[in-house]
Amino acid sequence: MNNPSHVLFAIFAALALCSCPQRAGAVDGVVVITQARAIAGGVTPGDEPGFPVTISQPGSYRLASNLHVTASETGAIVLAADHVEVDLNGFTIFGPGKDSGHSAGIGAENYRGNYVVLRNGAVRSMGGDGVSLGWWVEVDEMSSMENGGNGIAITEGRVSRSRAIKNGRIGFLLYSTSQITRSIASENGRAGIVHYGGLISDSIIQGNMEAGIESHGNVAYWSNRIDLNQTGNVVGPSLELGANICGRSTACQ
């Protein structure tokens, strides 16, 4: 294991340098997305009729109905812009099934999907990832369930109060320096959380088919419940800061 003081210094130094996402606002108000509007097209310039809905302009977007994607290899929402806020408003994106291809429910193209705020809804039964976004992303109160790929994958940012359950691959995949808190990763086909540097706290990580937490360096974790994971509770270089419960023990490695 890395020297604990060195690990903590690396984590908090990197977090101090992180440009956290600001909530995007549209000058002319919030753009509403419904199933009917998705089918009609024209949500933003260049958005063709049908799915995926292409968001090509920065601004604020809100669902006003569930979205149902029926075609395989088709996503629900694609971000072709940065500085976007998407509020699912309590609604769900339904895909055609976890064996229906590799498209994400909410994804990005051409290295976009940065400085994004995503919140308050669910994505389920997509062939690919439930959510796949870029840098400086904030995800809050999202559920990603029964998707063929990863539940929620971001390059860098924060995930809070979210759930990744019964996805085909990893529950939460977090690259770079990221934080995850008050979330649940359960019954995923691979690891519950794969993390490349940052903090994991106040979360439940259990019943995953591989490790509970798979760390790739400079990961600290505390106040989590981690148990019943098939290949170990915590795997890889990491720093346990205490107050974790793994099965009936407080020693998680």
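The values are calculated or read from the model by the stated rules, or taken from the named source; none is laboratory data. Quick caveat: nothing in here was measured; it's all calculated off a predicted structure. Cβ sites come from the backbone with ideal geometry, for glycine too, and all protein chains shown count toward neighbours.
Scanning the stretch 138-157 for residues that are under 9 Å from the mean Cα position of the chain (by Cα) and within 15 Å of L173 (Cβ to Cβ) yields a count of 8.
Quick check on the stretch 88-104. Is at least one of its residues over 19 Å from N208 (Cβ atoms), within 10 Å of the chain's Cα centre (by Cα) and either surrounded by fewer than 24 Cβ atoms within 10 Å (Cβ to Cβ) or not charged (D, E, K, R) (or both)? Walk me through how you get there before you give the answer.
Start the filter on the stretch 88-104 by keeping residues that are over 19 Å from N208 (Cβ atoms), which leaves 88-97, 99-104.
Keeping just the survivors that are within 10 Å of the chain's Cα centre (by Cα) gives none.
Within the stretch 88-104, none of the residues are over 19 Å from N208 (Cβ atoms), within 10 Å of the chain's Cα centre (by Cα) and either surrounded by fewer than 24 Cβ atoms within 10 Å (Cβ to Cβ) or not charged (D, E, K, R) (or both).
With a cut-off of at least 3 residues that are within 21 Å of N120 (Cα to Cα), name the strands (runs of 3 or more DSSP E) lying wholly within the stretch 160-222. Show your work before the answer.
Details: elements: 163-165, 172-174, 178-181, 184-186, 193-195, 198-201, 204-206, 213-215, 219-222.
Qualifying strands (runs of 3 or more DSSP E): 163-165, 172-174, 178-181, 184-186.
Looking at L79, L133, just one residue is surrounded by 18 or more Cβ atoms within 10 Å (Cβ to Cβ) and farther than 16 Å from N147 by Cβ, and that residue is L79.
Across the stretch 7-50, what is the total count of residues that are among the small types (G, A, S), part of a loop (DSSP other than H, G, I, E, B) and modelled with pLDDT under 95? Give the steps one after another, and end with the answer.
Of the stretch 7-50, the ones among the small types (G, A, S) are 10, 13-14, 16, 19, 24-26, 29, 36, 38, 40-42, 46, 50.
Among the residues that remain, those that are also part of a loop (DSSP other than H, G, I, E, B) are: 19, 24-26, 29, 41-42, 46, 50.
Remaining after also requiring modelled with pLDDT under 95: 19, 24-26, 29.
Of the residues in the stretch 7-50, 5 are among the small types (G, A, S), part of a loop (DSSP other than H, G, I, E, B) and modelled with pLDDT under 95.
The C-beta contact set for the stretch 192-219 (first residue farther than 15 Å from A153 by Cβ, second residue part of a strand (DSSP E or B) and of a type in the set (S, T, Y), distance under 6 angstrom, 6+ apart or interchain) comprises I200/Y221; S201/T181; D202/T181; Q206/S186; G207/S186; S215/S238; V219/S238. Considering only the stretch 216-253, state which residues are in contact with a Leu (Cβ under 9 Å, 6 or more places away or on another chain) and either closer than 25 Å to S143 by Cβ or polar (S, T, N, Q) (or both). N218, V219, Y221, W222, S223, listed by residue number. Scan the stretch 244-253 for residues that are surrounded by 13 or more Cβ atoms within 10 Å (Cβ to Cβ) and not in a loop (DSSP other than H, G, I, E, B) and the total you get is 2.
Does I165 fit the bill of being buried (at least 22 other Cβ atoms within 10 Å of the Cβ) and at pLDDT 95 or above?
On the way: buried (at least 22 other Cβ atoms within 10 Å of the Cβ): no; at pLDDT 95 or above: yes.
No: the conditions fail for I165.
Listed conditions (1) under 21 Å from R169 (Cβ atoms); (2) surrounded by fewer than 21 Cβ atoms within 10 Å (Cβ to Cβ) are all met by G197, apart from (2). Within the option set L241, L228, being surrounded by fewer than 19 Cβ atoms within 10 Å (Cβ to Cβ), over 21 Å from the mean Cα position of the chain (by Cα) and either within 26 Å of N147 (Cβ to Cβ) or modelled with pLDDT of 95 or more (or both) holds for one residue only, L228. Within the stretch 68-98, the set of residues being within 16 Å of A36 (Cα to Cα) and in contact with a Leu (Cβ under 9 Å, 6 or more places away or on another chain) comprises A76, I77, L88, F91, T92, I93, F94. Taking I213, is it surrounded by fewer than 22 Cβ atoms within 10 Å (Cβ to Cβ) and in contact with a strand residue (DSSP E or B) (Cβ under 6 Å, 6 or more places away or on another chain)? Judged against the criteria, I213 is not a match.
Whenever a residue of the stretch 236-247 is under 13 Å from I226 (Cβ atoms), it has no partner that is among the basic types (K, R) and outside any strand (DSSP E or B) lying with C-beta atoms less than 7 angstrom away and at least six residues away or across chains.
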